[in-house]
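Inspection log for the structure reproduced underneath, given as structure tokens.
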Amino acid sequence: MSTLTVARTTLLRATRRPSTWALAALAFFPAAFGAAFGAQGYGALTTGGPLALRLVAPLMTAAMVAGPVGESFENRTVVYWFTRPFPRAQVLVGEALGHAVAAVSAMLLSGALLAVANALTGTADLASLARIPLGLFAETVALVSLAVALGALVPKHPVLVTLGVLLFTEGALPTAWEKFSYLSLAYHGSVLSGLPFGFMGGETVMSAPPAAVSLAVLAVYTVAPLALASLVVNDRDLG
């Protein structure tokens with residue numbers, strides 16, 4: 001019950017911040033770009049897909065999640081939870097759940113709108129209407145967990161650190177060597193959603209792993225950062 005209490009409080013605070021709604025508005029851009037380019041014959045997914053996977057989801061999550069989490073640790077307001085008789089790890093899990101509802105809702109809408117734009121401007125199978133939002137859902141859950149963990153670990157500069165890590169995993173690594181794409185959250189999001197990973201037709205020549213492998217990688221990104229942050233926070237003096 002304590003984890004759910006933290007989650008509800010976190011979600012309530014998120015919905016009361018104007019910045020949350022401003023950042024959530026970014027979710028409309030992939031569908032808008034996809035519809036515009038799709039009407040010109042370029043394909044809605046070729047333009048909107050990578051935009052959602054590699055730009056909107058990481059940028060929105062880093063700003064929406066890492067900042068408030070880091071601020072709560074930097075200003076010591078998180079100590080309010082730590083005075084309660086339950087493990088500190090439950091606070092981080094609750095923070096992740098609350099922020100996930102907000103961020104995932106935005107990206108589910110983004111995926112649904114992108115799928116509709118694709119259906120209206122090109123040829124699309126019925127499965128894509130569900131597959132695209134669900135793929136973005138899985139990626140965003142992992143992104144939220146990573147952002148919460150980094151916000152707790154580096155509370156002084158949480159957004160910059162989160163963006164730096166994501167720039168490395170989502171941009172630098174796949175550019176340096178194609179096989180490093182397997183370490184990218186967006187790559188596995190593309191496998192699950194069926195969206196292209198490369199911008200404007202710049203496709204990877206790697207064979208896509210099974211969906212179960214991509215789910216496993218995203219699960220590791222979801223669990224491992226929070227586990228590490230929980231160990232560090234348990235030993236940190238926040239008095």
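The numbered conditions (1) more than 13 Å from the chain's Cα centre (by Cα); (2) open to solvent by less than 50 Å² (accessible area, probe 1.4 Å) are all true for Val141 except (1). Scanning the stretch 196-215 for residues that are modelled with pLDDT of 90 or more and surrounded by 13 or more Cβ atoms within 10 Å (Cβ to Cβ) gives Ala211, Val213, Ser214, Leu215.
Results for (1) within 13 Å of the chain's Cα centre (by Cα); (2) of a type in the set (A, V, I, L, M); (3) over 23 Å from Leu153 (Cα atoms); (4) open to solvent by less than 40 Å² (accessible area, probe 1.4 Å), shown as yes or no for each residue.
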| site | (1), (2), (3), (4) |
| --- | --- |
| Trp21 | no, no, yes, no |
| Leu55 | yes, yes, yes, no |
| Ala62 | yes, yes, no, yes |
| Glu95 | no, no, no, yes |
| His99 | yes, no, no, yes |
| Asn118 | no, no, yes, yes |
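Among the residues of the stretch 21-55, those identified as over 24 Å from His99 (Cα atoms) and either hydrophobic (A, V, I, L, M, F, W, C) or in contact with a Cys (Cβ under 9 Å, 6 or more places away or on another chain) (or both) are Ala32, Phe33, Ala35, Ala36, Phe37, Ala39, Ala44, Leu45. Here the stretch 157-169 is the region considered, the condition is being open to solvent by less than 30 Å² (accessible area, probe 1.4 Å) and in contact with a Leu (Cβ under 7 Å, 6 or more places away or on another chain), and the residue that is farthest from Ala138 (Cα to Cα) is Pro158. Looking across the stretch 36-53, the residues that are open to solvent by less than 40 Å² (accessible area, probe 1.4 Å) and in a helix (DSSP H, G or I) come down to Gly38, Ala44, Leu45, Thr47, Gly48, Gly49, Pro50, Leu51, Ala52, Leu53.
Yes/no per residue for (1) under 22 Å from Leu228 (Cβ atoms); (2) among the aromatic types (Phe, Trp, Tyr); (3) out of contact with any His (no Cβ under 7 Å at 6 or more places or on another chain):
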site	(1), (2), (3)
Ala14	no, no, no
Ala31	no, no, yes
Met60	no, no, yes
Ser72	yes, no, yes
Glu95	yes, no, yes
His99	yes, no, yes
Ser105	no, no, yes
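Evaluate the stretch 69-90: report whether one residue or more is closer than 27 Å to Ser193 by Cβ and open to solvent by 30 Å² or more (accessible area, probe 1.4 Å). Taking every residue of the stretch 69-90 in turn, none turns out to be closer than 27 Å to Ser193 by Cβ and open to solvent by 30 Å² or more (accessible area, probe 1.4 Å).
The values are calculated or read from the model by the stated rules, or taken from the named source; none is laboratory data. Being a predicted model, the structure only gives us computed values, none of them experimental. Heads up, the Cβs are rebuilt from the backbone with ideal geometry, glycines too, and the neighbour counts pull from every protein chain shown. To get the accessible areas, we keep the full protein, side chains included, count just its heavy atoms, and leave off ligands, DNA and RNA. Shrake-Rupley method; radii C 1.70, N 1.55, O 1.52, S 1.80 Å.
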